[in-house]
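Written out below as structure tokens is the structure these notes cover.
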Amino acid sequence: MMQVATLLLQIVVILAAIRLFGAVCRAVHQPQVVGEMVAGIMLGPSVLGALSPRLSAFLFPADSMGLLNGVSQFGLVLFLYSVGLEHDLRSLKGHGETAVISSHASIFVPFFLGALLALFLYPRLSDDGITFVHFALFMGIAMSITAFPVLARILEEKSLVNTPVGATAIVCAAVDDVTGWCIVAAILFVVHANKPAFPVWAIAPLTIVYAVLVLYAGPRLLRPLASRCQSTQGLKHSELAWAMLFLFASAYATEKLGIHPLFGAFLAGIATPRDFGFSKAVAKRLEDLTVVLLLPMFFAYSGLKTHLGLLNGAEMWMYFVAIVVVAVIGKLGGAAFAARSTGMTWRESTALGALVNTRGLVELVVLNIGLDNNIISPPLFAMMVLMAIVTTIMTVPLIDWIYPPHARTPTPVPAPS
Amino acid sequence: MRVHTKAILLYLAFVGTPLLGLAGVLYAGRDLSSPASVGGKWNFEGSDVQVAAAKCDGTPVHPESMEITQTGPRLSVGLGAAAQPDLDGYVKAGVATLHALKNGAQVLSLQANVDPGPGHAAMAGTLKFAACKGEIPFHAKREPAKKPAAEKH
């Protein structure tokens, strides 16, 4: 009972901090997610723990972390399902070469640069508990992430959805998301840190078979729910319950396969039928609970693991600066040069690069996977979390500067549905 | 047709080149070594470190274990007693060397050879207090690493 009481108090404190810092960020025209990430860090050892260790120990005792982690992981499963629900793979078809080349360039250029940076960081920030290949692959993927949900909100807020830059950016982010989660799953397979129930040689084929099965059979199995949703003119509890059953079964399956439950949740979201607005109705129903209550628990839990005090000394801050520079050059530069070479103007290309440079929450999810699987050390985790915050903060001012409303193309291109 | 060729060339430039570069990086780093992994909790075994330490300088040391925080070669060790300052140092070529300073003077040092086997499961060495002439030998075994968070619940 004590643990439940502690959790309830933690929820109160976390929600208050998240609301406060979210409001501050909105006031300075920053995405809410920046405030939420900062609030998590404030509640952790970097600020609250340093200012008042006794209060920190009272609010977040070590033995309560398991329960808080459970709630935050549950929230992440719902969140990744929602991210999957927002993707429509059909919308990726028929996009021009700019979208295809820019999206892939915005993955593989930063991936390469991240791995290149790993050559420098591995002897300095890692140890022989992890091999160079695993470390380099993880650094690569951590540099390649684009936060699709944050990007979508920024495009909406800035009225960029119906511009060529906005439409291309959303396709790039969608491709980045799908590819990124597949690569994360592949890295976890290689690292084999979750000690799966199946032999290593069987995981890759089983995962592929599973993904194909879910993507093929999922929409067909759930389509009756979608049509029932249409006939009853709304999503009823029974349809939502079946969708949840599908989600958690998929998350459980990929956890048992040794990949990660979040990959299963994401797959389930993609496989949920789009017909009759079913996926949108499910997403709408889950959004409030996930965004308002459960994700803040994840931000707080991440913040409790982020110890900025570990970045002691000029050398550590130099590594951090190197990480930010590589992240920005790889993502912004890669996408911008690719878009420019396909015919976009410099202004539009740079704006596209600035948009896909948004890492936000998805980066935080990937970093937590790396830390939990001992691929990255706590100081490197802290540096990468700061990098995610910096690159997310950069986006709005950069867009305002590079791509102001008067510079936007007057002939709008329809956004992918 | 020309547009198609240009797109393929661009794709090769922006995707093929980084992928080739990635292969090169993974190849170049295959022999790269990093410091021995010694981070985590170590339990003292077979020697009464606490009693010896208390006799030596009168301040208690945590009787059973020490917690090592590692960042690459850099180490920080908490001996679990508020009276003892944390030790800072490094691990190099399988040897962990740490020192604790108080008011600019070295009050405590630790040197240990780390078991070179997989997982670096043990270490053996000495603790030395500035207030004491002798060295306190110790042997410590590593507590198994925690399971990934995904498995905890």
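Tell me whether region A:116-254 comes out rounded, prolate or oblate; compute the Cα gyration tensor, take square roots of the eigenvalues as a ≥ b ≥ c, and use a/c under 1.5 as the rounded threshold.
Oblate is the answer for region A:116-254, as a/c is 1.5 or above yet b/c matches or exceeds a/b.
Summing +1 for each Lys or Arg and -1 for each Asp or Glu, what net charge is found among the other residues whose Cβ lies under 11 Å from the Cβ of A:GLU287?
So the surrounding residues net to +1.
Once the convex hull of the alpha carbons of the protein assembly as shown is built, what does its volume come to per residue, in cubic angstrom?
So the per-residue Cα hull volume is 171 Å³.
Considering the dipole of region A:167-308 built from charges on the beta carbon (Lys and Arg +1, Asp and Glu -1) around the Cα centre, which of A:LEU245, A:ILE183, A:THR207 is farthest to its positive end?
Of the candidates, A:LEU245 comes out farthest on the positive side.
At 1.4 Å probe size, with the rest of the protein present, what percent of the exposed accessible area of chain A is carbon and sulfur atoms?
Solvent-exposed carbon and sulfur of chain A make up 71 percent of the total.
What quantity of accessible surface, computed with a 1.4 Å probe and excluding non-protein components, is buried in total between chains B and A, in Å² to the nearest 100?
3200 Å²
Students sometimes get this wrong: rank A:HIS134, B:HIS4, A:HIS87 by accessible area, probe 1.4 Å, all chains present, largest first.
B:HIS4, A:HIS134, A:HIS87
How would A:PHE276, A:PHE248 line up by accessible area, probe 1.4 Å, largest first?
I get A:PHE276, A:PHE248, largest accessible area first.
Over the protein assembly as shown, average the accessible area per residue using a 1.4 Å probe and give it in Å², no decimals.
43 Å²
Can you give the accessible area of A:MET42 in Å² (nearest 10), computed on protein heavy atoms with a 1.4 Å probe?
Here the residue's solvent-accessible area equals roughly 70 Å².
Using a Förster distance of 22 Å, how high is the FRET efficiency between B:LEU32 and A:MET318, based on the Cβ-Cβ distance and rounded to 0.05?
0.65
Which residues belonging to region B:2-29 lose at least 50 Å² of 1.4 Å-probe accessible area when the assembly is complete, relative to their chain isolated?
B:LEU10, B:TYR11, B:PHE14, B:PRO18, B:LEU22, B:VAL25, B:LEU26
The values are calculated or read from the model by the stated rules, or taken from the named source; none is laboratory data. This structure is a prediction, so every number in the text was calculated from the model and none was measured. Methodologically, a virtual Cβ is constructed for each residue, glycine included, from the backbone with ideal geometry; neighbour enumeration extends over all protein chains shown. Just the protein is used for accessible areas: all its heavy atoms, side chains included, with ligands, DNA and RNA removed. Shrake-Rupley method; radii C 1.70, N 1.55, O 1.52, S 1.80 Å.
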